[in-house]
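Heads up, the thing below is written out as structure tokens.
Nothing in this text is a laboratory measurement; each read-out follows from the coordinates by a stated rule. All of these numbers come straight from a predicted model, not from anything done at the bench. Positions of Cβ are generated from backbone atoms using ideal geometry, with glycine treated the same way; all protein chains shown enter the neighbour counts.
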Amino acid sequence: MGHMTASTTETTVQPATDAHSGADATAIASAAKKVYLAAPRGYCAGVDRAVETVEKALEKHGAPLYVRKEIVHNKHVVKTFEDRGVIFVDETTEIPHGSNVVFSAHGVSPAVHEEARQLELKTFDATCPLVTKVHHEVKRFAKQGYQIVLIGHHGHEEVEGTAGEAPDIVHLVDGEADVNALEFPEDTKLVWLSQTTLSVDETMSTVKLLREKFPHIQDPPSDDICYATQNRQVAVKAIAPKVEQMIVVGSQNSSNSKRLVEVALQHGAQDAHLVDYAEQVDPAWLEGVTSVGVTSGASVPEILVRGVLELLAEKGFGEVEEVTTATEDLIFSLPRELRPARTQK
């Protein structure tokens with residue numbers, strides 16, 4: 001996991017030059033426009049592995065290559081792969097018999113693996129290992145006779161795959177109304193687990209409600225919120241009080257990106273927006289603003305962040321300070337079928 005180190009490095013993008021002098025220059029200096037750039041941001045180890053899985057499968061087997069659901073929740077990544085002959089489908093049953101298919105980073109249920117076997121598909125599983133860990137926890141607690149309360153968002157691919165490990169005993173809760181609707185006999189063995197891409201604060205507020213209603217509910221054996229989700233939120237919390245506007249680069253269907261917008265607003269940013277590309281930044285958001293925060297979700301390539309920084313530089317936000325709250329050095333190995341062959345001695 002990324003180890004936490006508090007440090008701040010300062011980098012500058014070439015500031016826009018101004019031909020003003022005297023009092024004008026003083027006024028401009030006092031209202032210097034600045035960008036606070038979050039680190040860590042962007043690709044996590046699980047996304048890196050998933051994207052590389054598709055790239056290696058394409059290299060090895062060529063197009064068409066099928067991917068069940070979006071490989072990661074990012075428009076740019078999906079579009080780039082579509083241009084290279086990747087076909088994204090919603091259901092395994094849409095894939096022709098015997099084809100090559102990659103399962104997305106969010107994971108799939110045993111029923112989906114069974115569909116793939118029936119169709120004799122060649123599968124490459126790009127499920128994030130941190131999601132796989134939660135799948136294993138579900139299977140273990142199911143064997144031990146527990147009812148499992150899964151904290152997550154209805155309809156999200158990750159929770160569908162996780163719940164699919166033991167659909168009869170997994171109960172999805174997404175906030176207070178769902179907790180209130182839960183009923184179990186008094187002697188029921190209960191444990192809570194969570195979707196990996198939620199915010200820590202959001203999860204713990206639901207856990208508090210669960211503990212009030214079911215005091216004997218057990219905690220998971222380890223923290224299920226993934227290190228990358230948590231690290232990106234910590235970086236936003238550090239920046240939010242300093243900025244009037246926070247721009248989060250990420251797609252609307254990216255759970256962890258949407259959480260970054262919420263975290264920014266909860267921790268002091270006056271305004272915050274989620275954008276896929278620099279072109280979606282509304283100039284009105286920058287009117288009268290002197291400080292802007294920039295970050296990106298865990299499925300966002302750095303090129304999209306650079307685009308936003310270039311746009312901000314054109315608008316006079318020439319100074320960029322990178323605020324580093326953690327360093328990440330975790331790397332996940334590729335699925336076995338796609339690892340380079342060991343050279344024979």
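Converting phi to 3J(HN,Hα) with the Karplus coefficients 6.51, -1.76 and 1.60 and the offset θ = phi - 60°, the stretch 174-182 yields 10, x, 5, 4, 5, 5, 4, 7, 6 Hz in sequence order, with x at every glycine or proline. Packing-based ranking of 278-290, 192-204 yields 192-204, 278-290, ordered from highest to lowest mean Cβ neighbour count within 10 Å. For the pair LYS143 and ILE303, the difference between a 0.36 nm per residue extended length and the Cα-Cα distance amounts to 53.1 nm.
Given the C-alpha centroids of the stretch 290-345 and the stretch 159-197, what is the distance between them in whole angstrom? The two parts, judged by their Cα centres, are 34 Å apart. In the chain, helices alone account for a calculated mean residue ellipticity at 222 nm of -11000 deg cm²/dmol, with every DSSP H run of four or more residues adding -39,500 (n - 2.57).
Between GLU314 and THR188, the contour length at 0.36 nm per residue exceeds the Cα-Cα span by 39.3 nm.
Panel order for ASP48, ASP219, ASP178, by other beta carbons found within 10 Å of each beta carbon, from fewest to most: ASP219, ASP178, ASP48.
Distance from the C-alpha centroid of the stretch 66-93 to that of the stretch 102-140: 16 Å, rounded to the whole angstrom. Residues whose amide H lies under 5 Å from that of LEU193, counting only those 5 or more places away or on a different chain, are VAL149, LEU150, ILE151; hydrogens are built 1.01 Å from N in the peptide plane.
Between HIS267 and GLU120, the contour length at 0.36 nm per residue exceeds the Cα-Cα span by 47.9 nm.
Which of the helices in the chain, when you take each full DSSP H run, stretch at least 15 Å along the axis at their Cα atoms and have an average Kyte-Doolittle score of 0.0 or higher?
Correct list, ordered by number: 302-314.
Each residue of the stretch 62-71 is assigned a 3J(HN,Hα), and the resulting list reads x, 8, x, 10, 9, 10, 7, 6, 6, 4 Hz, derived from the Karplus form 6.51 cos²θ - 1.76 cosθ + 1.60 (θ = phi - 60°), x at Gly and Pro. Placing pseudo-labels 7 Å out from each Cα toward the beta carbon at PHE88 and ALA63 gives an inter-label distance of 1.5 nm. Peptides 110-120, 50-60 ranked from most to least packed, by the mean per-residue count of other Cβ atoms within 10 Å: 50-60, 110-120.
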